[in-house]
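The values are calculated or read from the model by the stated rules, or taken from the named source; none is laboratory data. The structure displayed is predicted, hence computed values, not measured ones. A quick note on method: Cβ atoms are made from the backbone with ideal geometry, for glycine too, and the neighbour counts reach across all protein chains shown. For the accessible areas, the whole protein counts, side chains as well, though only heavy atoms, and no ligand, DNA or RNA atoms are used. Shrake-Rupley method; radii C 1.70, N 1.55, O 1.52, S 1.80 Å.
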Amino acid sequence: MDKALNYLALARKAGRIELGEEPVGAAARAQKARLILVAADATDHTWRRAQSFVAGSEQICLKVPYTKDQLGQAVGRTALALAAFTDPALALAFVKALGQPDHYKAELESLEKRAARIHKRQQEAKAHEKNKATGHKGKKGH
């Protein structure tokens, strides 16, 4: 299996991906889908449906160079036409692993910004927890 497909398997094991039309649609409506993948051999209807999921949002929809069978095999299914990464860092790693940075330039830039923003928020939350635990900042009046 190639590197990009390994990220699909990793995301499934980590619970950071939605698989199939209904879960992908629900994730997109909840603004949790960072990157929606559509299999290369998916029908035009499936492609249009995926695009409608992300319409008017910052979520990304991408037709990938893998068949439904290849995507399915990566996540332990027989076939998979639609999947949605809910983790921007894993989505970014997947797009990078596709190995076509010029072709996916806009997607890479968007995912890099999102991943950096989330990483910054996580660091701030850790610093806040550390400050609470050590009694620094804002302890007065409690």
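The set of residues from segment 77-111 being more than 18 Å from the chain's Cα centre (by Cα) and either under 24 Å from GLU21 (Cβ atoms) or modelled with pLDDT of 90 or more (or both) comprises ARG77, THR78, ALA79.
Scanning segment 1-31 for residues that are among the hydrophobic types (A, V, I, L, M, F, W, C) and assigned to a strand (DSSP E or B), we see that the one that is farthest from the chain's Cα centre (by Cα) is LEU19.
Any idea which residue in segment 79-98 is farthest from LYS113 (Cα to Cα), counting only those that are open to solvent by 10 Å² or more (accessible area, probe 1.4 Å) and of a type in the set (A, V, I, L, M, F, W, C)? Per the criteria, the residue is ALA79. Within segment 69-78, identify whether any single residue is within 23 Å of GLU112 (Cα to Cα) and open to solvent by 60 Å² or more (accessible area, probe 1.4 Å), and answer yes or no. No; the residues of segment 69-78 include none that is within 23 Å of GLU112 (Cα to Cα) and open to solvent by 60 Å² or more (accessible area, probe 1.4 Å). Scanning segment 13-31 for residues that are in contact with a helix residue (DSSP H, G or I) (Cβ under 8 Å, 6 or more places away or on another chain), surrounded by 13 or more Cβ atoms within 10 Å (Cβ to Cβ) and closer than 22 Å to LEU108 by Cβ yields ARG16, ILE17, GLU18, VAL24, ALA28. Cβ-Cβ distances below 6 Å connect the following pairs, each with a first residue in segment 54-69 that is under 15 Å from LEU35 (Cβ atoms) and free of Cβ contacts under 8 Å to residues at least 40 places away in the same chain, a second residue that is of a type outside the set (Val, Ile, Thr) and part of a loop (DSSP other than H, G, I, E, B), and a separation of six or more residues or different chains: GLN59/ALA33; PRO65/ALA40.
The sole residue among ARG121, ARG114, ARG34 that is within 18 Å of the chain's Cα centre (by Cα) and open to solvent by 80 Å² or more (accessible area, probe 1.4 Å) is ARG121. Checking each residue in segment 96-133 for being in contact (Cβ under 8 Å) with a residue 60 or more places away in the chain, in a helix (DSSP H, G or I) and not basic (Lys, Arg) picks out ALA97, GLU107, LEU111.
May I ask you to verify whether ASP41 is surrounded by 14 or more Cβ atoms within 10 Å (Cβ to Cβ) and touching a Ser or Thr at 6+ places or on another chain (Cβ under 7 Å)? For ASP41, the condition - surrounded by 14 or more Cβ atoms within 10 Å (Cβ to Cβ) and touching a Ser or Thr at 6+ places or on another chain (Cβ under 7 Å) - is met. Could you tell me whether any residue of segment 51-68 is open to solvent by 70 Å² or more (accessible area, probe 1.4 Å), over 22 Å from ASN6 (Cβ atoms) and among the charged types (D, E, K, R)? Yes: segment 51-68 contains one or more residues that are open to solvent by 70 Å² or more (accessible area, probe 1.4 Å), over 22 Å from ASN6 (Cβ atoms) and among the charged types (D, E, K, R). All of ALA91, ALA74, ALA84 fail the test of being under 26 Å from ALA9 (Cα atoms) and in contact with an Asp or Glu (Cβ under 8 Å, 6 or more places away or on another chain), apart from ALA84.
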